[in-house]
Amino acid sequence: MTKLRNVAVVGFAQAPIVAADEHHTGPEMLYPVVQAALESAGLERSDVDYQCAGSSDYVDGRAFSFSQVLEVMGAWPPVQDSHVEMDAIWAAHLVWVKMQAGESEVAIVCGFGKTSEGSPSHVLNLQLEPFYAAAIGLDPTSTAALQASAYMARSGADDRALAEIASKNRAAGAKNPDGQLREAATPEELMATPWAVKPLREGYLAPIGETATCMVLAVEGRAEKICDRPAWIHGVDHRIELQALGSRDLSRSESTTLAARNAFEMAGLASASAADVVELGSTNPAEELILRDALGLPASARAQGGPAINPSGSAQCANPLMNTGLLRLAEGFRQLSGRAGERGVPGAKRAVVHASAGHGLQQNIVWVLGTERRWS
Amino acid sequence: MKRPVAVVGVGQTHHTSKRADVNVAEMVREAVDRALLDAGLEHDDIDAIVLGKAPDPLEGIMQPEQYLAGALGAHLKPIIRVHTAGSVGCTTALTAATHVASGLYGRILTIAFEKQSEGNAMWALSPNYAFTQPMVAGAGGFFAPYCRAYIARSGAPGHIGAVVAANARENAGRNEYAHLRDPMTVEEALNSMMLWEPIRFLETCPSSDGAIALVMANEDHARRGPRKPAWLKAGATFTEPMYVPGRDQVSPLAGRTCAKWVYDKAGIRDPWNEIQVAEIYVPFSWYEPMWLENLGFAPLNEGWKVVDRGDQKMGRHLPINPSGGVLNTNPIGASGMLRFGEAALQVMGRAGEHQVGGVKTALGHAYGGGAQYFSIGILAAEL
Amino acid sequence: MSEPPKERVKYIDTNLNLPYHYYAGDYKALYLRALKDKKILGSRCSKSGKVFVPPVIASPETLAPCDELVELPHRGIVTTFCVVNVPVYGREIEIPYVVASVALDGADVSLYSLIQECAAADVHMGIRVEAVWKPDGERQGDHTDIRYFRPTGEPDAPFESFIHRL
Amino acid sequence: MKTFPKPATIEPMSQRMNVEFPYKRSTGEVVGRFLAGLRDQKKIWGLRVSRQGVVVPPQSYSEVDAKAGGEWVEVAETGVVTAVAEVTRPIEGLHPSSEPFAFVLVKLDGADTALAHVVLDRLDRLRVGSRVRATWAPDGERRGTIRDIEAFEIVD
């Protein structure tokens, strides 16, 4: 592997994840978060040389939604800036690429989305191919259920296997003060919840939630001065698959496997099992099982040993659109930098972080973070 | 650039008001196929894809790069989607360049498009949102007051906008891909209906369907390619908020900052004399003199004098928009990449009938939002 | 037949209908409710002292909070404007009409508003204007409560006083 | 000096509104002919493309390697279910039925990919692996959309 520039996550802040913030617009939610992230890193806005946001016009129900957040991101005097119409974790990736290109030293990444103002089912239907898929009325819960059924048919996993995964995440989520759904539940309790879309139960899914997030990234030389325990980026890759649900093996996540292989090679990590923490962007237990399969992790919630999987409770306990992915990266940072509180994995040195976008895990990104610099 | 980056392939569609014969994917694929052919490459040679377009409601497809992944040859590759309002096309190309400059990717396919005929741009861009002061006059009505302020500040005579429009149309007549190509005189522009005073009908951009794709590559690949590459000397995007008290909307600071930054990086001290052609984002004619000042081609309040002297015409000191520009072709999300791509074609010497002679350095520019997003690339014939 | 019909289906008509439930946010809510009482509220930057209308949570210039509430006069100047000669979807206004940037006295950013009760040709940069409100009992607490601005007949503001703050 | 009241003391202001946009989507040659096949012939056509085999419903390119073109292949209106999502509470204005129904992926006989569609009846018997058959909108009511196939029904 060629030598890359050491880049680290050095700060993060988020708004509470709530069903609806009735008092603030998206930019108003983001304003204190940017302030808090800068303050946590001990930075002035003028120390930051690049900013990138991730959001969606359709989630916010207005064209050019992202231009509103320029009012609160500190873009005066004018700053170098970009925006991706994606989950903010892809903005973080762009910043990392930018730093590899020598075009930035210290940057902020912002995520926001007023999920509560729209109907995610209606909105996310519009991601699908218009003539055959969107036209049938598919929504994200239904496509997730199609995927779950395909996985269950292939693997033999039953409702209890899903419930056990979901229960494990609920228990973890209960310990996460920054989460949304914070009530532990037994597999039996979850198996008693009604079908959302069969084979997925309501107990297996996150409630609608919204937040705003801000992450600070910095290159070696700056990162150590900003943060006592930076989370260094050892490797990262992202891949997409063709969209049509019936044209790919929905029971597997080929793009995750490929992204992970590339990220692990970059990081010098033998496998996901060799990490101390694995944080997955799965929004339901079937996705988690598919991702575990793609990453070579055990298929059961009861497996002993190996890395702690989803110490945050995962996206199953909070899925604030456009921020869900960046929150996974934030969890990796929190775990490695001693900021995870009660849910902290003792002595964690390496974390694997995953996030996803699109229907049926269409697009996936995998990161490896470490407490030590990767390249010397 | 940390590592040299070049444009090695350019492909665009013929732009028109309605491509009824193809769907969104097929229209975008035309540009992609042409860019790959131009670069002598196939999809397998591409390491990653960077796609840009303006707001999703224009076509009614959310994050269309996901639907388009298969069509773009992105299956099992990285793809990202940029959206920075009207500047997005140029910013997307620069984002692709950053990917190459990082050393992580050898060859990037970058694409920008808009198929405006699928929906209604007026509705998609300025519906009445709750709790928001309605945009009572559309995009023209938003920008016209700043054109008026420019005229008041600079003392520009009233015919300048029409001169810009007529020159742009004359140029578009030489560009086989341009949307509006029928000849048009200054008088016709002056006599056209006043839509948003001081902007007349023939001084505004059309609504177009179209796409452009570029292949960008590192030095090694660029030197081995079949054609002379266009080297990116410098590129940047600068942005500013809307409601800064005293913000200069006529010559925004973000634009001036961006221009200074790229000139410094490219080693350009005197843009007027060191750049031979500029493709700048002019959706309403008056923005040409305004941006000539903002980009440092003319002193403050004197951009209109360049136009009045005719120095922006083909064969004169600094041809502006030899392609015909946004005034004659406006697939919104693609318009910025068209500026960047046309600048690349000029330094490659492959702009066909609208080629400017002896181009060593060219500028591609785009802006967006409420004149808040600025994006500039400097392309050169030699590394 | 070994092929689908040559005569293809050319278009698919789709009418997207997306339900949204927008929140104004507290600052905008206070602003809109105050309009019902014929009050125009702004917010003052805690660092620069500059006044924003409608009120904003923080100054984009200083990033400092703007938590001081100020009431603004109903008069100001037209800094720049546009005469609109095209009908715009959703607006039933007789053309030509004028939309203008109106800098209220004491405010550091401008509002975007219609200018009426005069010929479009009589509007010019620097002309002083005042708000014309919907009558008592008809105001709803939304943007339409100020119907438009109209010239006051006062002397124009000098060009230098506004040309760099449109 | 008055300062802004704390959020808790302010009654939130909200407004429901439906954002409506009409679109006229150009289908292109392949999608347009496939849809015409449903409407005019009650036939389901696939396109044999590079590295995907017979794709149903077809695009004018391979989604695996982006190569253009292919040859038309008629496939059966029967096939096997490869995935099932049973919707117990349909979403108004989005879902194609107001009664419980199921989304399915169906690999039609002769096709190499599966089609997304719906099953409306006998949901209790629907499984991955179930055999199903297309049911059609009546003559004169097929409008050249994917919904010209009304649904799939379980074949005993």
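Points to keep in mind about this one:
- Put a dot 7 Å past the Cα of B:GLU176, heading toward its Cβ, do the same for D:SER14, and the two dots end up 5.7 nm apart.
- Taking the Kirkwood radius as Rh and the Cα radius of gyration as Rg, the protein assembly as shown has a ratio of Rg/Rh equal to 0.96.
- Placing a label point 7 Å from the Cα of A:GLU265 along the Cα-to-Cβ direction, the residues of the range B:31-46 with a backbone N closer than 18 Å are B:44-46.
- Note on the range A:1-63: Rg/Rh from Cα positions, Kirkwood definition for Rh, rounded to two decimals, is 1.07.
- Spin-label pair B:ASP270/A:ALA171, simplified geometry with 7 Å Cα→Cβ offset, distance in nm: 7.6
- Under 5 Å between amide hydrogens, built in the peptide plane, is the criterion, and for A:ILE309 it picks out A:VAL278 among residues at least 5 positions away or on other chains.
- Per-q log10 I(q)/I(0), the range A:108-191, q = 0.21 Å⁻¹ (Debye; single scatterer per alpha-carbon; no solvent): -1.07
- Histogram of C-alpha separations across the range D:69-135, 5 Å bin width, %: 4, 18, 26, 21, 15, 9, 5, 3, 0
- Among residues other than A:SER116 with Cβ under 10 Å from its Cβ, the summed charge is -3 (Lys and Arg +1, Asp and Glu -1).
- Helix runs (DSSP H) in chain B reaching 20 Å along axis by Cα, Kyte-Doolittle at least -1.0: B:24-39, B:138-154, B:332-348
- Among A:ALA318, A:ALA340, A:ALA157: highest mean-square fluctuation, GNM of chain A, C-alpha pairs under 10 Å: A:ALA157
- Eigen-decomposition of the gyration tensor built on the alpha-carbon atoms of the range A:290-376 gives equivalent ellipsoid semi-axes of 20, 16, 14 angstrom, largest listed first.
- Charge sum, other residues only, whose C-beta stays under 14 Å from A:VAL18's C-beta, Lys/Arg counted +1 and Asp/Glu -1: -4
- FRET E, pair D:GLU71, D:ARG125, Förster distance 25 Å, beta-carbon r, rounded to 0.05: 0.10
- The helix-only estimate of mean residue ellipticity at 222 nm for chain B, built from DSSP H runs of length n ≥ 4 each weighted as -39500 (n - 2.57), is -10000 deg cm²/dmol after division by the residue total.
- Considering all C-alpha pairs of chain A, those separated by over 37 Å amount to 13%.
- Proxy reagent accessibility, fewest Cβ within 10 Å first, across A:GLU85, C:GLU71: C:GLU71, A:GLU85
- Helix C:26-36 vs. chain C, principal-axis angle (Cα, 0 to 90°, nearest 10): 70
- Calculated FRET value between C:TRP133 and C:ASP13, using beta carbons and R₀ = 60 Å, to 0.05: 0.90
- The mean sequence distance of close C-alpha pairs (under 8 Å, at least 6 residues apart), as a share of the length of the range B:202-340, puts its relative contact order at 33 percent.
- Comparing mean-square fluctuations of B:ASN330, B:ASN191, B:ASN167 from a GNM of chain B with C-alpha springs under 10 Å, the top value falls on B:ASN191.
- Paramagnetic label zone (point 7 Å from Cα along Cα-to-C-beta, C:GLU154; backbone N under 12 Å) in the range C:95-137: C:103-107, C:127-131
- Taking amide H atoms as placed 1.01 Å from N in the peptide plane, the amide H of C:VAL129 lies under 5 Å from those of C:GLY76, C:ILE77, C:VAL78, C:THR152, each 5 or more residues away in sequence or on another chain.
- Inter-label distance, nm, simple model (7 Å from Cα along the C-beta direction), A:LYS349/C:SER161: 7.1
- Relative contact order, whole percent, for the range B:1-147 stands at 29, derived from Cα pairs under 8 Å and 6 or more residues apart.
- Taking N as its residue count, the alpha carbon Rg of chain B over 2.2 N^0.38 Å: 0.91
- Cα centroids of the range A:347-376 and the range D:79-104: 35 Å apart.
- Per residue, the convex hull spanned by the Cα atoms of the range C:74-166 amounts to 112 cubic angstrom.
- Calculated log₁₀ intensity ratio I(q)/I(0) where the Debye formula runs over C-alpha points of the range B:132-281, q = 0.11 Å⁻¹: -0.66
- Using a Förster distance of 56 Å, the FRET efficiency for C:ARG75-D:GLU99 (Cβ separation, nearest 0.05): 0.35
- Area projected by the alpha carbon convex hull of the range C:23-72, averaged over all directions, nm²: 3.2
- For C:LEU166, residues with placed amide H under 5 Å, excluding near neighbours: B:GLN249
- Three-way shape label, the range B:252-383, alpha-carbon gyration tensor, a/c 1.5: rounded
- 222 nm mean residue ellipticity, helices alone, for chain A (DSSP H n ≥ 4; -39,500 (n - 2.57); rounded to 500): -9500 deg cm²/dmol
- Calculated Rg and Dmax of the range D:27-154 using C-alpha coordinates, Å: 14.7, 41
- Net +/- balance of residues flanking B:GLY303 in space, Cβ distance below 12 Å, scoring K and R +1, D and E -1: -2
- Distance between the range D:56-72 and the range B:236-257 - C-alpha centres, whole angstrom: 46
- Most fluctuating residue given options B:LEU51, B:LEU104, B:LEU36, as computed from a GNM of chain B linking Cα atoms under 10 Å: B:LEU104
- For chain C, the Rg and Dmax computed from alpha carbons only, in angstrom: 21.6, 82
- For a label point 7 Å along the Cα-to-beta-carbon line of D:LYS42, residues of the range D:128-147 with backbone N under 11 Å: D:135-140
Just so you know, all these numbers are worked out from the coordinates, no wet-lab data involved. Here the structure is a predicted model, which is why all the values come from computation and not from measurement. FYI the Cβ positions are ideal-geometry reconstructions off the backbone, even for glycines, and counts take in every protein chain you see.
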